[in-house]
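What follows is a set of notes on a single structure, which appears directly below.
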Amino acid sequence: MAADARSAQARTATHWQRFAVPYEFPVVFTEGVFDPENPVLRDVLCRVEPGKRHRVVFFVDDGLDAGRTPVSEAIARYAQRHADAIELACPPVAMPGGEKVKTELHFVESAQQKLFDLHVDRHSFVVAVGGGAVLDAIGLVAATTHRGVRHIRIPSTVLAQNDSGVGVKNGVNLQGVKNFVGTFAPPFAVINDMEFIVTLPERDKIAGMAEAVKVALIRDAEFFGWIERHMDDLATFERAAMATMIRRCAELHMRQIGQGGDPFETGSARPLDYGHWSAHKLESLTRHHVRHGEAVAIGMALDARYSVLAGQLAPGEEERICALLEYLGFNLWHPALAKSGANGEWVILEGLRDFQEHLGGELTVTLLGGIGTGVEVHEIDRERMRQAMAWLKGRASA
Ligand SMILES: NC(=O)c1ccc[n+]([C@@H]2O[C@H](COP(=O)([O-])OP(=O)(O)OC[C@H]3O[C@@H](n4cnc5c(N)ncnc54)[C@H](O)[C@@H]3O)[C@@H](O)[C@H]2O)c1
Ligand SMILES: [Zn+2]
């Protein structure tokens, strides 16, 4: 060894710091979470420190307060009834629902200002009630204020109940890139209440089903069969069918996060993001006029056709998938898909690069090896993808 290297070694000592932090949080399915007789929320708040009066700040999606019984009033009544366990630090704070709250970042700042003004500490609770967008924005606020305030999610859309709300991520959009800023932060608890789904506009009821079809396609052929058998009930939003679909989908997501071996996505794979590389791009391209679920349905149809062209999926299965999605109410084409950039290339294909950049490492895209079987690939043949796009476009205009 050279003298320089020896002396550098003599000046260096490496101590390995190692610890493991176990996470656990309940995901509760209930009905009427703010019914004063329902103990779920109270029990969840008191889970770690029973006997204490907990300070809580609620942030509520304003789409919920548009209903006949404003949720904010129900929360106030609930807190009054359980005043021995719950102290509302302030009346529930309304947040704009939808992508706006994730894109105009002054909303995040104002929520943080609120927590500052109220002297919220790390033993207080920040509860978010709303769709995936409000949950993502307030999740970020809770995770970053004081480096982490206890956070409870009460998702109010199909998508948030069966997918985003039971996960461990939050985020907001920056530079036109979805979820460019965010953290992995497991919540303190999640409470899914089927009652919220009743007031949801049809468009959002449909959109959320995309994630159920997705997780069935990549993980659970039996569940896919169940969705097909119940498509009449699902297309008419029959309550029991919707509840079963949401619960099964949430369970599959939880299993992937808990047992998939990479809850914080440190590798290059995004196993649950089938159909998502183009979906995220389409959402940005349409400035979020296309909902996440709507874009995912298109992305899944595209990647199903690509899977067939790549010899992974049996021909005809892509049509079966498209037929189901359309029956559920999805439109599988959007004019923005055909937008070309200065180089004449379809802009949507940039989604592949964005997708890779978000995680780093190798490009990893999930395709289908069959219904119920996701297959990871590391290369996408652009010409083949163009053919898949042309097929989808042709189908839509047929
Ligand atoms: N963090 C994650 O892991 C993750 C995963 C998937 C999706 N997401 C994000 O979730 C967001 C989409 O969430 P979404 O599909 O729930 O839609 P959304 O949050 O955009 O809400 C859609 C609309 O429904 C309204 N609304 C919400 N609940 C309602 C109710 N019960 N009754 C009436 N109106 C109601 C909202 O005000 C909004 O106008 C996207 O930003 C997406 O990126 C996050
Ligand atoms: Zn998704």
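Laid out as a table, the results:
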| quantity | calculated |
| --- | --- |
| Lone unmet requirement of (1) aliphatic (A, V, I, L, M); (2) over 22 Å from Ala398 (Cα atoms); (3) surrounded by fewer than 18 Cβ atoms within 10 Å (Cβ to Cβ) for Ala279 | (3) |
| Any pair with Cβ under 6 angstrom, 6 or more apart, that starts in segment 313-332 at a residue that is at positive phi and ends at one that is open to solvent by 10 Å² or more (accessible area, probe 1.4 Å) and of a type in the set (Val, Ile, Thr) | Gly329/Ile206 |
| Helices (runs of 4 or more DSSP H) within segment 179-231 that include 3 or more residues in contact with an Asp or Glu (Cβ under 9 Å, 6 or more places away or on another chain) | 202-219 |
| Considering residues of segment 282-309 that are open to solvent by less than 30 Å² (accessible area, probe 1.4 Å) and over 18 Å from Val215 (Cβ atoms) only, the residue farthest from ligand 1 (Cβ to nearest atom) | Val308 |
| Where Asp136 falls short, out of the listed (1) on the phi < 0 side of the Ramachandran plot; (2) touching a residue at least 24 places away in the same chain (Cβ under 8 Å); (3) more than 16 Å from ligand 2 (Cβ to nearest atom) | (3) |
| Strands (runs of 3 or more DSSP E) contained in segment 109-174 and holding at least 2 residues modelled with pLDDT of 95 or more and open to solvent by less than 30 Å² (accessible area, probe 1.4 Å) | 125-130, 150-155 |
| Selection within segment 227-243 - touching a residue at least 12 places away in the same chain (Cβ under 8 Å) and either more than 20 Å from Gly374 (Cα to Cα) or open to solvent by 60 Å² or more (accessible area, probe 1.4 Å) (or both) | His230, Met231, Leu234, Ala235, Phe237, Arg239, Met242, Ala243 |
| Count of segment 330-366 residues which are of a type in the set (Phe, Trp, Tyr) and within 20 Å of Gly267 (Cβ to Cβ) | 1 |
| Only one of Ile257, Ile246 that is at pLDDT below 95 and either outside any loop (DSSP other than H, G, I, E, B) or open to solvent by 10 Å² or more (accessible area, probe 1.4 Å) (or both) | Ile257 |
| From Ala336, Ala388, residue being open to solvent by less than 20 Å² (accessible area, probe 1.4 Å), over 22 Å from the mean Cα position of the chain (by Cα) and at pLDDT 95 or above | Ala388 |
| Test set (1) under 22 Å from the mean Cα position of the chain (by Cα); (2) under 27 Å from Thr157 (Cβ atoms) - Leu352 fails condition number | (2) |
| Segment 334-381, residues that are in a helix (DSSP H, G or I), in contact with a strand residue (DSSP E or B) (Cβ under 8 Å, 6 or more places away or on another chain) and not acidic (Asp, Glu) | Leu337, Ala338, Val347, Leu352, Phe355, His358 |
| Qualifying residue in segment 350-361 (condition: modelled with pLDDT of 85 or more and farther than 19 Å from Gln387 by Cβ) | no |
| Unmet requirement for Arg219, which otherwise passes all of (1) within 16 Å of ligand 2 (Cβ to nearest atom); (2) open to solvent by 10 Å² or more (accessible area, probe 1.4 Å); (3) under 19 Å from Gly97 (Cα atoms) | (3) |
| Residue list for segment 136-172, restricted to those being near ligand 1 (Cβ under 7 Å from one of its atoms) and of a type in the set (A, V, I, L, M, F, W, C) | Leu159, Ala160 |
| Filter result for the condition that a residue is closer than 20 Å to Gly165 by Cα and of a type outside the set (Val, Ile, Thr), over Ala269, Ala301, Ala297 | Ala297 |
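The values are calculated or read from the model by the stated rules, or taken from the named source; none is laboratory data. Since this is a predicted model, take the numbers as computed values, not measurements. FYI the Cβ positions are ideal-geometry reconstructions off the backbone, even for glycines, and counts take in every protein chain you see. What goes into the accessible areas is simple: the full protein's heavy atoms, side chains included, and nothing from ligands, DNA or RNA. Shrake-Rupley method; radii C 1.70, N 1.55, O 1.52, S 1.80 Å.
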